[in-house]
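Asker: I have a structure I would like to understand better, so I am pasting it below and will then ask my questions one at a time.
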Amino acid sequence: MWKLVMMEQMMYLSLTVYPQRLPLQSRKMFLLQLSQDQYLVYWAQSIWWQLQDNKTFLAMLNHVLNVDGFYFSTTYDLTHTLQRLSNTSPEFQEMSLLERADQRFVWNGHLLRELSAQPEVHRFALPVLHGFIAMHSCSINGKYFDWILISRRSCFRAGVRYYVRGIDSEGHAANFVETEQIVHYNGSKASFVQTRGSIPVFWSQRPNLKYKPRPQISKVANHMDGFQRHFDSQVIIYGKQVIINLINQKGSEKPLEQTFATMVSSLGSGMMRYIAFDFHKECKNMRWDRLSILLDQVAEMQDELSYFLVDSAGQVVTNQEGVFRSNCMDCLDRTNVIQSLLARRSLQAQLQRLGVLHVGQKLEEQDEFEKIYKNAWADNANACAKQYAGTGALKTDFTRTGKRTHLGLIMDGWNSMIRYYKNNFSDGFRQDSIDLFLGNYSVDELESHSPLSVPRDWKFLALPIIMVVAFSMCIICLLMAGDTWTETLAYVLFWGVASIGTFFIILYNGKDFVDAPRLVQKEKID
């Protein structure tokens, strides 16, 4: 009898609406109309939905924690560069690592929020960095030194490739990464810092099943306000900004390049220089030797920016007066190639000044060190790419070997296919995972539902099934010919047109078929 009552009440609730999806006031009105048995069923249903959501939330947290690239130290402040640490006060040095950490790079900040107010437990609350770290003991001319590469990914406006682009109202850029190259030799320390980040205007590029969705620049946002906020903070932190924009200067990327250049010109800051270099155009037909054009163009600027150097006595010899801020569309592949070349030029000058390299010697001639250097920068590219785009980086054959190869092109094609699949069919989950981990979405324990329970549109299941059935029938008609060729042709044409037509309908409604984030509505924020 009880089972019959339960089935009856469940059917009643299912045939009306899922009350968990109603607004709060409407849900209260709904509950007042329920009988005791119906309310009991509603309560049981709510518990069931919460259990399902909890499983999904747990899977999201596990997904983030299973991504490579989380680092912490019990003694060294990983969130600050050598230059920033050298300019701090004694009081700053006495702070705990949690108190003094640069919050841009503390990925467990939300998890430590309750411990932050308890100084007695700060020694157990260590900031966690997300990005990449490589440490190598190297030797050139019989002189041993430590070479370190650190990439720090910002947790502000963090996310995945297509769902997080441009900047937010606070001026935080998507996929912002600070990369520091450090050398330790005989007590002396040198570093060279670069940054990368999405084009700092309000733009988006939502996945829609197309291989390369067209970028959309907001027509209503105040671009200059966000742009100025971004570079005001960059100038305060790093000093002068040499902007290297590597995107295409034609096609769908052209409006972004033009907008970026216009913003820099309109701001009219003497602390900023803008350089547009169409990477794909200049290096087409595998002419990657033409990257020297860009390096020669910025050589004088790089000498002007200099690098940070402190001697064995702790005295600052030189300070880095600014940074190169590089970007392409994703701030991954093209950007990493250029950053590795700029970093090598700086390292050449540092090692000569420290006495490791003789006058006239070049790093490119040091085969053993070059192998370490190139592989570390390629690994850095792969780490940053996996964390943002879901696959390893492209163009790493050049970073590893100094040459563009046909095998590298094939591997780039394979990675591009994997990126396409993940960007369209799994990045919604990945974006939700990051938002949950960082605290951009907080689970309300008193709320009986979550955005995860929002149902899919009918087209999501119906149209793919229709397309598969129509295509299968077309193949069957080809294999099982009818009595006459006209009859066979008619069947093939009918099912062929049905499958192709359904395919184009799916493509037209592409945004309904991609895996979109559910916890934080990115469209509303942007």
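The values are calculated or read from the model by the stated rules, or taken from the named source; none is laboratory data. Since this is a predicted model, take the numbers as computed values, not measurements. Cβ placement follows ideal geometry from the backbone for every residue including glycine, while neighbour counts extend to all protein chains displayed. These accessible areas exclude ligands, DNA and RNA; they are computed on the full protein's heavy atoms, side chains included. Shrake-Rupley method; radii C 1.70, N 1.55, O 1.52, S 1.80 Å.
Asker: What is the projected area of the convex hull of the Cα atoms of region 228-349, averaged over all directions, in nm²?
Answerer: 8.6 nm²
Asker: Moving on. For Ser218 paired with Lys371, estimate the spin-label separation in nm (one decimal), with each label point 7 Å from Cα along the Cα-to-Cβ line.
Answerer: The answer from the label model is 5.0 nm.
Asker: Going by alpha carbons, how many degrees (0 to 90, nearest 10) lie between the helix axis of 254-267 and the longest principal axis of the chain?
Answerer: 50 degrees
Asker: Going Cα to Cα from Lys403, which aspartates and glutamates come in below 16 Å? Please leave out same-chain ones fewer than 8 positions away.
Answerer: Glu282, Asp289, Asp333, Glu364, Glu365, Asp367, Glu370, Asp412
Asker: Any idea how far apart Arg290 and Tyr274 come out in nm if each label point goes 7 Å out from Cα toward Cβ?
Answerer: In this crude spin-label approximation the distance works out to 2.3 nm.
Asker: Assuming R0 = 60 Å, what is the FRET efficiency of Val469 and Phe124, from their Cβ-Cβ distance, to the nearest 0.05?
Answerer: Calculated transfer efficiency: 0.55.
Asker: Moving on to the next point. Could you tell me the ratio Rg/Rh of region 295-334? Both radii from Cα atoms, Rh via Kirkwood.
Answerer: 1.15
Asker: Need the full-extension length gain, Gln361 to Ser453, defined as separation in residues times 0.36 nm minus the C-alpha distance. One decimal, nm.
Answerer: Going from the current span to full extension adds 26.8 nm.
Asker: Related question: Once Lys and Arg get +1 and Asp and Glu get -1 on their Cβ, which of Phe92, Ile148, Ser472 lies farthest toward the positive end of the dipole of the chain?
Answerer: The listed residue farthest towards the positive side: Ser472.
Asker: Return the tail of the calculated pair distribution for region 66-438, meaning the percent of Cα-Cα pairs more than 37 Å apart.
Answerer: 18 percent
Asker: Note down, for region 458-512, the three equivalent ellipsoid semi-axes (square root of 5 times each alpha carbon gyration tensor eigenvalue), biggest first, whole angstrom. Intermediate results must be reported in sequence, preceding the final value.
Answerer: On the way: eigenvalues 138, 19, 7 Å².
Working through the eigenvalues yields semi-axes of 26, 10, 6 Å.
Asker: Can I ask one more? Got a sec? What order do Val497, Val220, Val201 fall in by accessible area at 1.4 Å, biggest, i.e. largest, first?
Answerer: Val220, Val497, Val201
Asker: Once the piece of chain linking Leu489 and Ala462 is laid out straight, how much longer is it, given 0.36 nm per residue of separation minus the C-alpha distance between them?
Answerer: The Leu489-Ala462 span can extend by a further 7.1 nm.
Asker: Gain in length, Ser233 to Thr401, computed as 0.36 nm per residue apart minus the alpha-carbon separation, to one decimal in nm?
Answerer: Gain on stretching Ser233 to Thr401: 56.8 nm.
Asker: Here is a further query. Of the beta bridges DSSP finds with both residues in the chain, what % are antiparallel, to the nearest 5?
Answerer: 75 percent
Asker: Considering the Cα positions of region 54-105, please state its Rg to one decimal place and its Dmax as a whole number of Å.
Answerer: Reported Rg and Dmax, both Å: 15.5, 47.
Asker: Here is the link list: Lys254/Lys511; Lys210/Lys422; Lys189/Lys374. Which ones come out longer than 19 Å on Cα distance?
Answerer: Lys254/Lys511; Lys189/Lys374
Asker: Probe of 1.4 angstrom, ligands and nucleic acids ignored: what's the accessible area per residue over the chain, in square angstrom? Could the numbers behind the result be given before it?
Answerer: Details: 26480 Å² over 526 residues.
Averaged over the residues of the chain, the accessible area is 50 Å².
Asker: Using mean Cβ contacts within 10 Å as the protection proxy, how do 47-56, 414-423 order, highest first?
Answerer: 414-423, 47-56
Asker: Within 10 Å of each candidate Cβ there may be at most 15 other Cβ atoms; applying that plus a DSSP loop requirement, which GluC sites (Glu not before Pro) in region 235-327 survive?
Answerer: Glu321
Asker: Additional query: What is the angle, in °, between the Cα long axis of helix 223-238 and the longest principal axis of the Cα atoms in the chain? Nearest 10 is fine, range 0 to 90.
Answerer: That helix lies at roughly 40 degrees to the long axis.
Asker: Just grab the label-to-label distance for Trp414 and Tyr508, each label 7 Å out from Cα along the Cβ direction, in nm (one decimal).
Answerer: The two pseudo-label positions are separated by 3.8 nm.
Asker: Applying 1/(1 + (r/R0)^6) with R0 = 51 Å to the Cβ-Cβ distance of Lys210 and Ser266, what FRET efficiency is obtained, to the nearest 0.05?
Answerer: Working from the Cβ atoms, E equals 0.95.
Asker: Which net charge results when you count Lys and Arg as +1 and Asp and Glu as -1 among the other residues whose beta-carbon is under 14 Å from that of Phe145?
Answerer: Net charge around Phe145: +1.
Asker: Mind giving me the FRET efficiency for Ser89 and Gln297? R0 is 30 Å, r the Cβ-Cβ distance, nearest 0.05 is fine.
Answerer: 0.15
Asker: Give me the accessible area of Met329, 1.4 Å probe, in Å² rounded to the nearest 10.
Answerer: Roll a 1.4 Å probe over it and Met329 shows about 10 Å².
Asker: For region 280-340, state which trypsin sites (Lys or Arg not before Pro) are in a DSSP loop and have at most 12 other beta carbons lying within 10 Å of their beta carbon. Don't jump to the answer; show the numbers that get you there.
Answerer: Values: sites: Lys281, Lys284, Arg287, Arg290, Arg325, Arg334; in loops: Arg287.
Sparse-neighbourhood loop trypsin sites (Lys or Arg not before Pro): Arg287.
Asker: When only DSSP loop residues count, what GluC sites (Glu not before Pro) in region 64-130 have their Cβ near at most 13 other Cβ atoms within 10 Å?
Answerer: Loop-located and lightly packed - Glu114.
Asker: Continuing with this model, one more query. How far is helix 2-16 tilted, in degrees, relative to the longest principal axis of the Cα atoms in the chain, given as a value from 0 to 90 rounded to the nearest 10?
Answerer: 70 degrees
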